[in-house]
Amino acid sequence: MHKTQQEAVAFLQEFLGKLVDTPSDREVVLCVPYTCLSVLSKSLHGTRVKLGAQNVHWADQGPFTGEISPPMLVELGVRYVIIGHSERRQYFGETDATVNQRLKAAQSHGLTPILCVGETKAQRDAGETENHIFQQLALDLVDVDQSNLVIAYEPIWAIGTGDTCEETEANRVIGLIRSKLQNPDVPIQYGGSVNANNIDAIMAQPEIDGVLVGGASLQPESFGRIVNYKPL
């Protein structure tokens, strides 16, 4: 929940200048608050940056005050949508059942969902990381098309804390996630205190296809450095 429309446009003007030498095979997506979608959709036209939303409802319309439907996002040129982020699960009652509904609704309208999974500090300390994530995947991915999907592994204890998961451990968990998928080619990202200082080491890991960036994406300079990572 950052940036007014004016702030978002100012950010974009500076950020686009950071992408001049970015390798063409790198996909860049900005997942912004609903209020910024329209203005950024117009500003991103003709650029290499794609537009994403931070959530979506499972119904096309109806008595769901405060929610946004897939057709509303499609109309604005949105291509991606984050679903099941830990903050949605923690603060707003998101369950694996509603995550599953949102995933299927997004896909039915041609949106590519970015499914977030990950464990809490208590679950990790109790040795429940793998079982918890496997259960999330089993419930979230029922009848979901794995040919139009991105998964983000976000250890909740590492989000916004500065306590990044060790690159090799993130790589291990992402490899385990991949082993549970019907389609091993699903892009799997890492998210959790990603920044300009650790991006090169993170992206050097063979199982990690990309990153889901939070706080470090708010400044054009730091996010530009992340997008332009240099593999070790």
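What follows is calculated from the coordinates using simple rules that are stated; it is not laboratory data. Just so it is clear, the model here is predicted, and its values are computed rather than measured. Cβ coordinates were reconstructed from backbone atoms using ideal geometry, including for glycine residues, and neighbour counts include every protein chain displayed.
A few notes on this one:
- Helices (runs of 4 or more DSSP H) enclosed by the range 106-196 - at least 2 residues per element that are in contact with a Phe, Trp or Tyr (Cβ under 7 Å, 6 or more places away or on another chain) and within 23 Å of GLU94 (Cβ to Cβ): 121-125, 167-179
- Being touching a strand residue (DSSP E or B) at 6+ places or on another chain (Cβ under 9 Å), basic (Lys, Arg) and outside any loop (DSSP other than H, G, I, E, B) is a condition met by no residue of the range 26-47.
- Count - residues of the range 114-141 that are in contact (Cβ under 8 Å) with a residue 40 or more places away in the chain and not aliphatic (A, V, I, L, M): 7
- Test for GLN90: is it surrounded by fewer than 16 Cβ atoms within 10 Å (Cβ to Cβ), more than 13 Å from the chain's Cα centre (by Cα), among the polar types (S, T, N, Q) and not in a loop (DSSP other than H, G, I, E, B): yes
- From the options ALA152, ALA138, residue that is out of contact with any helix residue (DSSP H, G or I) (no Cβ under 7 Å at 6 or more places or on another chain), crowded, with 18+ Cβ neighbours inside 10 Å and small (Gly, Ala, Ser): ALA152
- Condition met for PRO184 (in contact (Cβ under 8 Å) with a residue 24 or more places away in the chain and of a type outside the set (A, V, I, L, M, F, W, C)): no
- Test for GLY160: is it surrounded by fewer than 20 Cβ atoms within 10 Å (Cβ to Cβ) and within 16 Å of HIS85 (Cα to Cα): yes
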